[in-house]
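See structure below.
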């Protein structure tokens, strides 16, 4: 009789891979810093998109940013829970991140805080997780 | 570089044709352009086929149907700028003396994806996070409305104008005019856009025959001169970008005007990339048709109407004509050539002398758009 396959664990599928990590302070985003020209990039990269240097180091991104623009998506690929709101978030280290927004009513320039969340599901029903930014309510 | 002239243009009406193969969509446009040019088919020495999602050897599949093969055929992919980029390659081939007569094809079949938003490159980081084109443009619109006070109605007016123009264009996918109320009441796609502010997905093809100016006059007494043929790529920027300035179009416009020795005031008619309502407003400014921040007023004043200062998207644009992405660039040229010849019945601009086409392709992280190709023509 053939061996039964091991049960697949219920862990969500992560869209962010190694770029999303958990440390003592909680969730963090790991990007890169170019050791030659100093720019920060996210997602992490082994090569600098500005000066082509391959001398890149891992760099933790700031957890707080400000909303530059956002749009609530009603129509899109099947895997996303809809509607979902996407934003460009500007971090204080000059990096712009595209991310799902969660929480209160977003507004331009509002401060947001890094988190992680479920944003969709695969056709097999596995949850899809990625980094999100939470709109802080005041 | 030698001067290049457009001899013939042709297109098939844009629409949804899921039962037709890409090749079967494409070849009638080619036959129409050849007939319009008045050349023998075998006079074509080189062909460039623009398609973004048409698959391998698209040009060969189209030309194989009509037996125009054996010549060098190059397939060009630059997202929505695919066939405009193909045209630029053809212009360079003729300009440099590598060929005397060239064919450009633009062809796309998006109905194979069913409905929904345009499928983007899954390996792109932002696409993987959930980015779709309506959201990119939605964010541009949001910033523009915030910084310059444009209203939802201003955006809707772009769709109203272009749907009105498209109603007079037998090649347009959408033939019924719409009102501001209907535009704003259509279902939300990505804020602030409603369905009627987004270009429809569909299928179509267009083709252009062009030749060196000395050769062109053997076939037609009235070829249209190509005064500028420009291609720029977006600059990858990992940080802050002002989304209200379409920087790639600003650069391309500057280069095209310089090539042609012309300025915004010289343009009588323009087909620009109105994939979403906000886009056309941004492009009035990028091309210098009006000052920064004044696009909504320019539209409301009727300055971009067919009888306005510069007729923008008399074909109905992407919003009404449709946007089978690889075919769009070539179809814009079809419209401008017809306008310059006085053949655009029902939507004819009064005596235009100079026309412009603009197609810009996007959908990957870190770029305004990936590519932008602008052409200027005159008679």
Qualifying residues in segment B:166-190 (those that are assigned to a helix (DSSP H, G or I) and out of contact with any strand residue (DSSP E or B) (no Cβ under 7 Å at 6 or more places or on another chain)) - the one nearest to residue B:343 (Cα to Cα): B:166
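Which is surrounded by 24 or more Cβ atoms within 10 Å (Cβ to Cβ) and within 16 Å of residue A:73 (Cβ to Cβ), of B:107, B:132, B:76, B:62? If you could, list the steps in order and put the result at the bottom.
Values: B:107 fails: within 16 Å of residue A:73 (Cβ to Cβ); B:76 fails: within 16 Å of residue A:73 (Cβ to Cβ); B:62 fails: within 16 Å of residue A:73 (Cβ to Cβ).
Step by step, each of B:107, B:132, B:76, B:62 is checked, and only B:132 is surrounded by 24 or more Cβ atoms within 10 Å (Cβ to Cβ) and within 16 Å of residue A:73 (Cβ to Cβ).
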Subset of segment B:353-369 (residues that are surrounded by fewer than 24 Cβ atoms within 10 Å (Cβ to Cβ) and under 21 Å from residue B:6 (Cα atoms)): B:353, B:354
Condition check for residue A:88: surrounded by 18 or more Cβ atoms within 10 Å (Cβ to Cβ), in contact with a helix residue (DSSP H, G or I) (Cβ under 8 Å, 6 or more places away or on another chain) and under 23 Å from residue B:131 (Cβ atoms): yes
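Against the definition (at the interface with chain B (Cβ under 9 Å from one of its Cβ atoms), surrounded by fewer than 17 Cβ atoms within 10 Å (Cβ to Cβ) and at pLDDT 95 or above), how does residue A:35 come out, yes or no? Spell out the reasoning first.
Values: at the interface with chain B (Cβ under 9 Å from one of its Cβ atoms): no; surrounded by fewer than 17 Cβ atoms within 10 Å (Cβ to Cβ): yes; at pLDDT 95 or above: yes.
Taking the combined requirement at face value, the residue does not satisfy it.
Looking only at segment A:12-45, filter to residues that are in a loop (DSSP other than H, G, I, E, B) and in contact (Cβ under 8 Å) with a residue 40 or more places away in the chain; which one of those is farthest from residue A:100 (Cα to Cα)? Spell out the reasoning first.
Step one: filter segment A:12-45 for residues in a loop (DSSP other than H, G, I, E, B), giving A:12, A:15-16, A:24-25, A:35-39, A:42-45.
Now restrict to residues that are in contact (Cβ under 8 Å) with a residue 40 or more places away in the chain: A:12, A:15-16, A:39, A:42.
Working: A:12: 16, A:15: 12, A:16: 12, A:39: 24, A:42: 15 Å.
Among those residues, the one meeting the criterion is A:39.
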Hey, residue B:242 surrounded by fewer than 19 Cβ atoms within 10 Å (Cβ to Cβ) and closer than 30 Å to residue A:66 by Cβ or not: yes
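Criterion first (modelled with pLDDT of 95 or more and surrounded by fewer than 24 Cβ atoms within 10 Å (Cβ to Cβ)) does residue B:336 satisfy it? Reasoning before the result, please.
Values: modelled with pLDDT of 95 or more: yes; surrounded by fewer than 24 Cβ atoms within 10 Å (Cβ to Cβ): no.
Here the answer is no, as residue B:336 does not meet what is asked.
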Long-range neighbours under 7 Å by Cβ, at least six apart or interchain, first residue at positive phi within segment B:330-348, second at pLDDT below 95 and part of a loop (DSSP other than H, G, I, E, B): none
Odd one out for residue B:121, checked against (1) part of a loop (DSSP other than H, G, I, E, B); (2) over 24 Å from the mean Cα position of the chain (by Cα); (3) within 13 Å of chain A (Cβ to nearest Cβ): (2)
Residue that is closer than 24 Å to residue B:321 by Cβ, more than 9 Å from chain A (Cβ to nearest Cβ) and surrounded by fewer than 19 Cβ atoms within 10 Å (Cβ to Cβ), where the choices are B:152, B:156: B:152
Residues satisfying the stated conditions in segment A:8-32, i.e. within 11 Å of another protein chain (Cβ to nearest Cβ) and either surrounded by fewer than 12 Cβ atoms within 10 Å (Cβ to Cβ) or more than 24 Å from residue A:79 (Cβ to Cβ) (or both): A:31, A:32
Any hit, segment B:321-329, residues being within 14 Å of chain A (Cβ to nearest Cβ) and more than 17 Å from residue B:252 (Cα to Cα): no
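Per-residue answers, yes or no, for (1) outside any loop (DSSP other than H, G, I, E, B); (2) within 28 Å of residue B:9 (Cα to Cα):
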residue	(1), (2)
B:284	yes, yes
B:291	no, no
B:296	yes, no
B:302	no, no
B:326	yes, yes
B:329	yes, yes
Scope segment A:118-138; condition surrounded by fewer than 20 Cβ atoms within 10 Å (Cβ to Cβ) and within 13 Å of residue A:81 (Cα to Cα); matching residues: A:118, A:121, A:122, A:123, A:125, A:126, A:127, A:128, A:129
Number of positions in segment B:28-56 that are assigned to a helix (DSSP H, G or I) and in contact (Cβ under 8 Å) with a residue 40 or more places away in the chain: 9
Candidate set: segment A:46-73, residues that are within 22 Å of residue A:137 (Cα to Cα) and assigned to a loop (DSSP other than H, G, I, E, B); chosen: the one nearest to the other protein chains (Cβ to nearest Cβ): A:62
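With a cut-off of at least 1 residues that are more than 19 Å from residue A:17 (Cα to Cα), facing chain B (nearest Cβ under 7 Å) and free of Cβ contacts under 8 Å to residues at least 40 places away in the same chain, name the strands (runs of 3 or more DSSP E) lying wholly within segment A:74-135.
Details: elements: A:84-90, A:96-103, A:111-121, A:127-135.
Of the strands (runs of 3 or more DSSP E) lying wholly inside segment A:74-135, those with at least 1 residues that are more than 19 Å from residue A:17 (Cα to Cα), facing chain B (nearest Cβ under 7 Å) and free of Cβ contacts under 8 Å to residues at least 40 places away in the same chain span A:84-90.
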Matching residues in segment B:251-276 - criterion: being outside any loop (DSSP other than H, G, I, E, B) and buried (at least 19 other Cβ atoms within 10 Å of the Cβ): B:251, B:252, B:253, B:256, B:257, B:260, B:269, B:270, B:271, B:276
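The values are calculated or read from the model by the stated rules, or taken from the named source; none is laboratory data. Just so it is clear, the model here is predicted, and its values are computed rather than measured. Please note: Cβ atoms are built from the backbone with ideal geometry, for glycine as well, and neighbour counts cover all protein chains shown.
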